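Report on the following structure.
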Amino acid sequence: MIKKAIIPAAGYGTRSLPVTKVIPKEMFPIHNKPSIQYVVEEAVSAGIEQILMIVSRSKNLIVDYFDDSLELEMFLQKANKSSLMNKVKLPDIQIFYTRQSFARGLGHAVRLGKEFAGNDPFAVLLPDDLIVGKGIKDLMEVYDQKKSHVLGLTEVETERLQNYGVVEGRRVQEDLYSIVDVVEKPKQNPPSNLAVIGRYVFTPDIMDVLEKVAPDSGGEIQLTDGIKKILDRDKCYGKIISGQRFDIGSETDYLALQNMIYHQKKKS
Ligand code: G1P
């Protein structure tokens, strides 16, 4: 059973500049909650019990947000505003933090969780990707059967494949692939139309592998390079997630998700 998750939230959010100079993209509101809260709730509802968030010095707002607001809670209690008390209630989960002092890539961020993971398998959820549906639980179910690494996949239009890791896989079941290769952001000839979305399950072996991954030309340690290396020794599966995925770094997706959640809330 997977009980631990790593949420890397240390990136610069360059796609959404200039607002990300001061507001982390993870704090962008969707209805009245920051986007990262949806990701934490997805983990909690999948049965995750401990989260490690990888933050950076400009992400203190995230740490503040997931702290109790005692003064506000006391005020609401005194003012008898119990319905508002419910709104400030946080997801019931233990969150640890560590700082990535310098943006050195997703692979490096995940590797910072080595001690946290210890000998346990763990999930990784990238807060750029929001999933309306089961999300990480889909992958955890595959892990329970296969006891090996699992990547979240979704079909993407050809023009957008260059923004993602793209897999080559052998279909083993409906919506389940055995991964043969993965190419990070292919400029041409993508191996398929299946993009890696920001949901992964790894055995702790990925940590040792990531330690051996050399930085790319931009000085970043890519998680995809770690996955490529692990394919030489372990099985790795790709699961097409059952829900709908929104990449909130893309303005179109962000607005579409806002719209969807707004209409859902209006109905309920
Ligand atoms: C990262 C991964 C990429 C994956 C994507 C999913 O890219 O490197 O393989 O497809 O997340 O969102 P990034 O969005 O950090 O550039």
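Listing for the model above:
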| item | result |
| --- | --- |
| Folded to 0 to 90 degrees: helix 136-146 orientation relative to the chain principal axis, Cα | 40 degrees |
| Spin-label pair residue 172/residue 145, simplified geometry with 7 Å Cα→Cβ offset, distance in nm | 0.9 nm |
| Rounded FRET efficiency, nearest 0.05, which uses the C-beta distance separating residue 61 from residue 214 and R0 of 45 Å | 0.85 |
| Theoretical gain in end-to-end length, residue 158 to residue 94 [0.36 nm per residue, Cα-Cα removed] | 19.1 nm |
| Amide proton proximity set for residue 53, modelled H, under 5 Å, gap of 5+ | 7, 96, 97, 98 |
| Partner lysines for residue 187 [C-alpha distance under 22 Å; skip if fewer than 8 residues away on the same chain] | 228, 229 |
| When the convex hull of its Cα atoms is projected in every direction, mean area for the chain (nm²) | 15.1 nm² |
| Gain upon complete extension [residue 252, residue 101; 0.36 nm per residue less C-alpha separation] | 51.3 nm |
| Antiparallel content of DSSP bridges confined to the range 1-133, in %, to 5 | 15 percent |
| Estimated inter-spin distance, residue 82 and residue 232, nm [label 7 Å along Cα→Cβ] | 6.2 nm |
| For the range 190-268: rounded, prolate or oblate by the Cα gyration tensor [a/c cutoff 1.5] | prolate |
| Among 94, 222, 37, residue whose mean-square fluctuation peaks in a GNM of the chain (springs only between Cα atoms under 10 Å) | 94 |
| Separation of alpha-carbon centers, the range 179-248 and the range 6-35, rounded to whole Å | 23 Å |
| DSSP beta bridges in the chain [antiparallel fraction, %, rounded to 5] | 60 percent |
| Derived scalar couplings ³J(HN,Hα) [the range 240-251; Karplus, 6.51 cos²θ - 1.76 cosθ + 1.60; whole Hz; x for Gly, Pro] | 6, 5, 7, x, 9, 10, 10, 8, 6, x, 9, 4 |
| Carbon and sulfur %, accessible surface of the chain computed with the full protein complex present, 1.4 Å | 48 percent |
| Backbone N under 11 Å from the residue 120 label point (7 Å along Cα→Cβ), restricted to the range 94-112 | 94 |
| Qualifying lysines (Cα of each under 20 Å from Cα of residue 235; at least 8 residues distant if same chain) | 137, 146, 147, 212 |
| The range 81-204, Cα convex hull volume normalised per residue, Å³ | 168 Å³ |
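The values are calculated or read from the model by the stated rules, or taken from the named source; none is laboratory data. The model shown is predicted, which means the values in this text are computed figures rather than measured ones. In this analysis, Cβ positions are derived from the backbone assuming ideal geometry, glycine residues included, and neighbour counts consider all displayed protein chains. For the accessible areas, the whole protein counts, side chains as well, though only heavy atoms, and no ligand, DNA or RNA atoms are used. Shrake-Rupley method; radii C 1.70, N 1.55, O 1.52, S 1.80 Å.
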